[in-house]
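First comes the structure, then the notes that go with it.
The values are calculated or read from the model by the stated rules, or taken from the named source; none is laboratory data. Predicted model only: the values in this text are computed from it and were never measured. Heads up, the Cβs are rebuilt from the backbone with ideal geometry, glycines too, and the neighbour counts pull from every protein chain shown.
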Amino acid sequence: MRHMNENGRSMVEMLGVLAIIGVLSVGGIAGYSKAMNKYKINKTTDQVSMLVANIRTLFSSQGDYTGLSNAQAIKFGVVPNDMYNAASANTSTITNAFGGAVKIGASGGRKSNDNEAFSIVYSGLSSEACVTIATGDWGSGQASGLIAIAAGIDGNTSGVTGEDDAAQENGVDSVYLGESGDQSVACNGTGTGTCTAIAVPGGDENPTPMSVTNAVNACSCTGTTCEVAWKYY
């Protein structure tokens, strides 16, 4: 009997240890996931800032951004090495820290196809990442070069040439220098349909940084179907 009681106590202790291990494992996984998400968001901030600075520097003497595309951006050396596969036959594919597509292209700066501006679009974002990135301080004055920032559901538009199709889908290409055409459209919460929030420096309705409320409404995507688009001159 004494031997059996000792075995019983040992089993209870073992179950207790397993329970503690389970709790710690769940907490560790959750903590790791949050840390990785924060790391990717910080990396996105660095990537976009670098892309904007490199593109503006490269085209400063040209006066506009004619010819700018994914392939040309890679060829010109403005894209960080960790965003594309140099050994791949497809030299126009740029990937962001979340594994989604990045699209770069020239855009109209003054209500015409003058290519005086350019857009950068990050797709494949989660709702949380979309909100955090969209509400960042990307520029609140003219000196920043920011014309508009848009957040919303990935339209997945294909077959569009010229100005970036994803930027057109999000509406960032409809905002031009000196305009305050900001807007916010609440989503239906299902992760489908048209849904966009646009913020502009000095905007009346939705100035930059974009408000959390507008970003949350726009970034109501499911899975990784959100995107954020920037337009700079």
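The table for this structure:
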| read-out | value |
| --- | --- |
| Some residue of segment 117-130 being under 20 Å from Tyr232 (Cα atoms) and assigned to a helix (DSSP H, G or I) | yes |
| Residue in segment 164-173 that is in a loop (DSSP other than H, G, I, E, B), modelled with pLDDT under 85 and either under 23 Å from Ile55 (Cβ atoms) or within 15 Å of the chain's Cα centre (by Cα) (or both) present | yes |
| Odd one out for Val79 among (1) in contact with a Ser or Thr (Cβ under 9 Å, 6 or more places away or on another chain); (2) surrounded by 14 or more Cβ atoms within 10 Å (Cβ to Cβ) | (1) |
| Filtered residue count, segment 59-77, keeping only those that are without any contact (Cβ under 8 Å) to a residue 24 or more places away in the chain and hydroxyl-bearing (Ser, Thr, Tyr) | 2 |
| Pairs with Cβ under 8 Å, 6+ apart, first in segment 78-100 and modelled with pLDDT under 90, second assigned to a loop (DSSP other than H, G, I, E, B) | Asn85/Thr93; Thr91/Tyr84; Ser92/Ser69 |
